[in-house]
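The structure appears below as structure tokens.
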Amino acid sequence: MAKAKTQYVCQDCGHSSIRWAGQCGGCQAWNTLVEEAVPTAVKAPVMRSGRSVGGDGGSAGGSAPRMAGAYGSTRPQRLRDVTVSERHRLPTGLKEFDRVLGGGAMVGSLTLVAGDPGIGKSTLMTELGRGLDGHTLLYVTGEESAQQVKLRAQRMGIDPDGLFLFPETNVEAILAAAMDLQPDLMVVDSIQTVYRPDLTSAPGSVAQVRESTAALLDVTKTLPTTTFLIGHVTKQGSIAGPRVLEHMVDTVLHFEGDRHHAYRILRAVKNRFGAANELGVFEMREHGLKEIGNPSALFLSERQFGASGSAVVCALEGTRPLMVEVQALVANASYGTPQRTSTGFDTKRLQLLLAVLEKREGLRFSQNDVFLNVAGGVRLDEPAVDLAVALAVASSLKDVPLDSGTAVVGEVGLGGEIRAVSRIETRLTEIKQLGFERAMIPKANAKGLKVPAGLEILPVRRLSEALDLVC
Ligand code: TYD
Ligand code: MG
């Protein structure tokens with residue numbers, strides 16, 4: 001095909017030039033020029049040769065108005081004249097996955113599934129084949145051969161009629177195949193391998209990733225289909241960067257976990273059709289990923305009773321309460337600057353809590369290494385976890401175990417005050433359900449609270465009160 005025109009655009013000031021240069025001619029910044037297709041060429045030619053929009057009965061209906069708005073209608077419309085038809089969702093058959101998406105995959109939506117290499121993204125996408133139920137899935141594989149994908153599917157015991165494999169990386173060919181097959185679901189594994197032949201940059205570069213995604217977004221809305229793009233996250237980030245396309249897609253899912261652990265967590269970090277931060281938990285087994293319906297019970301199952309440095313918190317990730325054990329180990333620092341190491345919790349936040357414990361409660365950590373670990377490989381970002389972290393650390397320092405029948409929630413302020421947390425009743429219900437007898441909560445949350453029968457509440461206003469109560 002004829003070479004489309006490309007240009008180099010500064011990511012800082014928007015200045016464009018025909019040739020690449022190390023320094024932007026507009027703002028003089030270095031290394032900011034990125035290749036882009038000249039705007040008129042952005043819409044892939046395939047789109048025009050395709051069949052009529054919305055021809056396919058049920059699944060097409062949902063996106064038609066959006067199509068008209070995005071590409072068809074040329075005049076502004078009154079709000080009240082905009083017709084909203086029921087966009088519909090396709091259950092994928094994977095309950096946890098559907099929940100994270102907000103209740104099934106939205107027809108005409110583009111989702112990025114990002115995660116470290118080797119974490120299980122291809123496995124997760126192959127699992128989609130299990131619940132196809134008469135639908136079709138086009139699996140574009142740019143990293144592995146069709147045989148490799150087949151072997152994986154075989155090992156997982158997946159072999160539905162509707163699963164089509166397509167080893168291809170040229171986005172034009174992928175679009176053509178999608179228009180031809182009109183699948184209900186499409187997976188592109190991975191976006192870093194896909195390229196537009198009319199751009200000179202290498203696959204995986206910012207320009208290629210962005211322009212390929214734009215073309216795939218187009219076909220997703222046009223057909224419409226439901227597309228999942230796999231994106232690798234690298235430690236360096238920028239080159240392989242799914243970062244650049246986070247704002248282009250409807251939903252961003254992170255697939256996380258410790259590779260040495262069997263648990264995997266799927267987290268919605270952006271979702272136009274559901275709650276952000278929603279969590280799904282899976283276990284990596286020999287024959288694929290198993291969904292974990294009740295992760296709290298699982299995360300607490302390996303708990304050691306009567307050991308110091310352990311606290312149980314009820315965190316809320318998305319809409320789901322999650323009970324997890326926070327473990328701390330405070331040990332004599334053998335030499336040099338004491339270490340603060342944390343897994344599953346922000347290290348800066350840990351340092352802040354240590355400073356509060358030192359300044360307000362007189363505990364001393366200057367001669368100690370502090371290690372913190374959230375059991376099960378979960379990452380907790382919520383401030384409501386603070387109190388559990390502070391208590392676990394204090395418990396380890398004093399070598400006094402906390403009461404194992406007590407779960408803890410609360411945010412710790414810089415003054416050592418315990419601040420209110422959101423959705424306390426949801427948390428208390430989960431705490432009660434998992435067999436805990438007591439819940440330590442912020443005093444500000446205790447007013448007019450409906451407490452589940454049989455659960456004792458320990459309201460605390462300050463860190464010092466919490467410490468007095470438990471260790
Ligand atoms: P994979 O899905 O290939 O990771 P990604 O696409 O994110 O790079 O999975 C990688 C690991 O998962 C690999 O080490 C093997 C393991 N695995 C299982 O443990 N069980 C299985 O059923 C499958 C398919 C893979
Ligand atoms: Mg893979």
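No lab work stands behind these numbers, since they all come straight from the coordinates. The structure presented is a predicted model; accordingly, all values stated were derived computationally and were not measured. Ideal geometry is used to build each Cβ from the backbone, glycine not excepted, and the neighbour counts take in all protein chains shown.
Evaluate the charge dipole of the chain about its Cα centre and quote only its size in Debye, nearest 20, assuming +1 on the Cβ of each Lys and Arg and -1 on the Cβ of each Asp and Glu. Don't jump to the answer; show the numbers that get you there.
Working: 51 positive and 51 negative charges, 211 e Å.
Dipole about the Cα centre, nearest 20: 1020 debye.
Where the convex hull is taken over the Cα atoms of region 298-470, what is its projected area averaged over directions, in nm²?
Over all viewing directions, region 298-470 projects a mean Cα-hull area of 9.2 nm².
Let me have the relative contact order for the chain, percent, based on Cα pairs under 8 Å that are six or more residues apart.
Working: 998 pairs, mean separation 53.9, N = 471.
Result for the chain is 11 percent.
Using the Cα atoms of region 304-348, I'd like the radius of gyration and the largest Cα-Cα distance, Dmax, both in angstrom.
Rg, Dmax (Cα atoms, Å): 14.0, 44.
How large is the direction-averaged shadow of the alpha-carbon convex hull of region 92-249, in nm²? Display every interim value, and only then the final one.
On the way: hull surface 34.5 nm².
Across all orientations, region 92-249 yields a mean hull projection of 8.6 nm².
Hey, what angle do you get for helix 146-156 against the long axis of the chain, alpha-carbon based, 0 to 90 degrees rounded to 10?
Taking the Cα atoms of the chain, the angle to 146-156 is about 40 degrees.
Name the GluC sites (Glu not before Pro) in region 301-402 that are in a loop by DSSP and that have at most 10 other C-beta atoms within 10 Å, would you? Present the calculation step by step, with values, prior to reporting the outcome.
Working: sites: GLU302, GLU317, GLU325, GLU358, GLU361; in loops: GLU302.
Listed in order of number, the matching sites are GLU302.
Bin width 10 Å, origin at 0, all Cα-Cα pairs of region 207-326: what percent of pairs per bin?
Result, from short to long distances: 11, 33, 31, 18, 6, 1 percent.
Cysteines without a disulfide-compatible partner in the chain, using Cβ under 4.7 Å as the rule?
CYS314, CYS471
Counting other Cβ atoms within 10 Å, which chymotrypsin sites (Phe, Trp or Tyr not before Pro) in region 294-372 have at most 14 and lie in a DSSP loop?
On the way: sites: PHE299, PHE305, TYR335, PHE345, PHE365, PHE371; in loops: PHE305, TYR335, PHE345, PHE365.
Counting only loop positions with at most 14 other Cβ atoms within 10 Å, the chymotrypsin sites (Phe, Trp or Tyr not before Pro) in region 294-372 are PHE305, TYR335.
Counting pairs of alpha carbon atoms under 8 Å apart in space and at least six apart in sequence, what relative contact order in percent does region 424-471 give?
The normalised contact order for region 424-471 reaches 38 percent.
Based on alpha-carbon centroids, what's the gap between region 410-460 and region 307-374 in Å, whole number please?
20 Å
Run lengths n ≥ 4 of DSSP H only: what is the helix-derived mean residue ellipticity at 222 nm for the chain, with -39500 (n - 2.57) per run over all residues, to the nearest 500?
Helix-only estimate at 222 nm: -7000 deg cm²/dmol.
Taking the DSSP beta bridges in region 298-470 as the whole, what percent of them are antiparallel, to the nearest 5?
55 percent
Go through LYS95/LYS432; LYS398/LYS432; LYS359/LYS398; LYS270/LYS348; LYS221/LYS270; LYS95/LYS290 and tell me which ones have a Cα-Cα distance over 22 Å in this structure.
LYS95/LYS432; LYS398/LYS432; LYS270/LYS348
With the crude spin-label approximation of a point 7 Å out along Cα→Cβ, what separation in nm comes out for THR337 versus GLU143?
Each label point is offset 7 Å from its Cα along the Cβ direction, giving 3.5 nm.
When only C-alpha pairs under 8 Å and at least 6 residues apart count, what is the relative contact order of region 298-470, in percent?
This gives 24 percent for region 298-470.
When the Cα atoms of region 241-300 are enclosed in a convex hull and the volume is divided per residue, what value in Å³ results?
On the way: hull volume 6.8 nm³, N = 60.
Given the Cα convex hull of region 241-300, per-residue volume reads 113 Å³.
Kirkwood Rh over alpha-carbon pairs of the chain, then Stokes-Einstein at 25 °C and 0.890 mPa s: what D in µm² s⁻¹, rounded to an integer?
Calculated translational D: 99 µm²/s.
Å³ per residue of the Cα convex hull, for region 316-383?
Cα convex hull per residue, to the nearest whole number: 94 Å³.
Local charge sum around ALA394 (other residues, Cβ-Cβ under 12 Å, Lys/Arg +1, Asp/Glu -1)? Please list the in-between numbers first.
Values: positive: ARG360, ARG364, LYS398; negative: GLU358, GLU361, ASP399, ASP468.
Charge balance near ALA394 sits at -1.
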